[in-house]
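Down below is the structure, laid out as structure tokens.
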Amino acid sequence: MTFKEFNFKDTLNQAISDAGFTEPSPVQKESIPIILAGHDMIGQAQTGTGKTAAFGLPIINMMDGESGVETLVIVPTRELAMQVSDELYRFGKTAGLKTATVYGGTAYNKQIERINQANIIVATPGRLQDLLKSKKIKLNPKFVVLDEADEMLDMGFLDEIKNIFTYLPKDRQTLMFSATMPKQIKALAEQILNNPKSVTITKSERTNTDITQKFYVVSEYERDDALLRLIDYKNPSKCIIFCRMKKEVDRLSSYMTSQGFKVASLHGDMEQKQREHTIRAFKQGLVEIFIATDVAARGLDVNDVSHVFNYHIPFDSESYVHRIGRTGRAGNKGEAITLVSPNELRTIKRIEKDVGTTMISKVIPTRQEVQTKKDSDLLDKIAQAKITPSAVDMVKTLQHDLDIVTIAHLLASIVQQEIDVKGKDTIGLNQDEIKKLIERAKNQKGDGRRNSRNRGRGRNNRSRRDSRRGDRRGRRDNRNRDRN
């Protein structure tokens, strides 16, 4: 099936072609005919499945572009608001449609001015409610989309959403998208939707088969070393590292910058202009590593992320799904890597069961394994390199004083210094140790007191003590953590 089979307007078909779209994704294939037929709809789908186009394309096709704000899209975060707005602008620009993005942290007057000129508004709940309650704006949209509804529930926006809908016209087409359907979201759907049709991407379809998922078992004190070793070994073209807390993002960003990496970071305490600049730099490839809290998992839309690293395992299964969904997008292959302590193995198994997926247990490569790979990659690079005129001139100059073999040895020595692998020889647990821990986790009964008496025994005494310390810190962090 192609997009042409939907019989969109010529201007929209042109925008779809310009965007490089050819075949609709499953959620697009099922949603677009329902929306074009004028039905309200509930769509259950993860980010990265193409749901912005699933609702954006049919809505834009039905807009006339002459009656002010025709479409309102409500999203949970500023990052997602910018992403969705950019995509809708790309689809609507050939038809002359204008978009406005509405979120906190920017001046009211500028946003109101843009709203007055716009056909499509993409807004976060807090700022939108403020503008409506203060009567600074009045909206009469034909189409209303509630995107990432479960995330809005998690962030405490349910009351704001209910209040916003009291300001909207009853005669409208309303669409709701959510990765999960908790009871509160189902109740909200009954309140704001009119005889909705449903589109559900099943659990097996929600789990992206283009993403290889792996986990590595390390002690708490080894996390930094393990992360650097894996980045050295995997050599990602563009990657995101997810942390649980803002202070962890700041510390890890400073550390990795000191190790010579080009790093950008994102969390909730950053000024809006700084956040926008950071995301733009990552998209444009000016930085190779992006370190973020979960605030970025929902809204960051970059198609060429090759790897996602979970510095710590996320607190819940849905966060895991959204994190790893930043890679393996738009038909590309991706790899999701999670670092866990020995005591977190049961959490791995729980997430596997919840998400309906399998994570592969792997061992951190040794220093020699990484060095061998780097040497091999370098030899391939040299063999495939093109000889430039300036390089020929350089060798001719050197030959006045040195023979060709010595020149080759000297140049190779300089290049070799650039790829020397640092750090200790081995990091983390080996497969036998991991297998024993997994079996112990499976057999553990009750509250784990019986198992905990034996944790200090054996050759992994030190690593297990470190893990317990780290887990105690993790529990304190869990109680005090910021949702951003």
First in segment 376-401 and in contact (Cβ under 8 Å) with a residue 12 or more places away in the chain and assigned to a helix (DSSP H, G or I), second anywhere and surrounded by 10 or more Cβ atoms within 10 Å (Cβ to Cβ) and among the charged types (D, E, K, R), Cβ under 9 Å, 6 or more apart: none
Count of segment 69-89 residues which are more than 18 Å from Met176 (Cα to Cα) and in a loop (DSSP other than H, G, I, E, B): 1
Failed item, numbered, when Leu132 is tested on (1) under 26 Å from Gln28 (Cβ atoms); (2) at pLDDT 95 or above: (1)
Residue ID - farthest from Met152 (Cα to Cα), chosen from residues in segment 248-299 that are among the acidic types (Asp, Glu) and modelled with pLDDT under 90: Glu288
Some residue of segment 336-352 being at pLDDT 85 or above, under 30 Å from Ile427 (Cβ atoms), among the small types (Gly, Ala, Ser) and touching an Asp or Glu at 6+ places or on another chain (Cβ under 8 Å): yes
Filtered residues of segment 1-57 (kept if of a type in the set (Gly, Ala, Ser), farther than 23 Å from Ile185 by Cα and without any contact (Cβ under 8 Å) to a residue 40 or more places away in the chain): Ser17, Gly20, Ser25, Ala37
Residue within segment 156-173 that is in contact (Cβ under 8 Å) with a residue 24 or more places away in the chain and closer than 30 Å to Arg346 by Cβ present: no
When residues of segment 413-442 are limited to those that are over 34 Å from the mean Cα position of the chain (by Cα) and at pLDDT below 85, the one surrounded by the fewest Cβ atoms within 10 Å (Cβ to Cβ): Gln417
Filter result (under 23 Å from Ile289 (Cα atoms), of a type in the set (A, V, I, L, M, F, W, C) and in a helix (DSSP H, G or I)) within segment 311-368: Val321, Ile324
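Filter segment 122-171 down to the residues that are within 19 Å of His39 (Cα to Cα) and under 27 Å from the mean Cα position of the chain (by Cα), then identify the one that is surrounded by the most Cβ atoms within 10 Å (Cβ to Cβ).
The selected residue is Ala149.
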Output for segment 226-263, where each listed residue is in a loop (DSSP other than H, G, I, E, B), closer than 26 Å to Arg329 by Cα and not small (Gly, Ala, Ser): Asn235, Pro236, Lys238, Cys243, Arg244, Met245, Phe261, Lys262
Segment 84-110, residues that are buried (at least 23 other Cβ atoms within 10 Å of the Cβ) and out of contact with any helix residue (DSSP H, G or I) (no Cβ under 7 Å at 6 or more places or on another chain): Ser85
Residues satisfying the stated conditions in segment 32-72, i.e. more than 20 Å from Ala95 (Cβ to Cβ), modelled with pLDDT of 95 or more and of a type in the set (Ser, Thr, Tyr): none
Residue selected from segment 230-266 under the condition free of Cβ contacts under 8 Å to residues at least 60 places away in the same chain and of a type in the set (Ser, Thr, Tyr), by the criterion surrounded by the most Cβ atoms within 10 Å (Cβ to Cβ): Ser265
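The values are calculated or read from the model by the stated rules, or taken from the named source; none is laboratory data. The model shown is predicted, which means the values in this text are computed figures rather than measured ones. Here the Cβ is made from the backbone with ideal geometry for all residues, glycine too, and neighbour counts use every protein chain on show.
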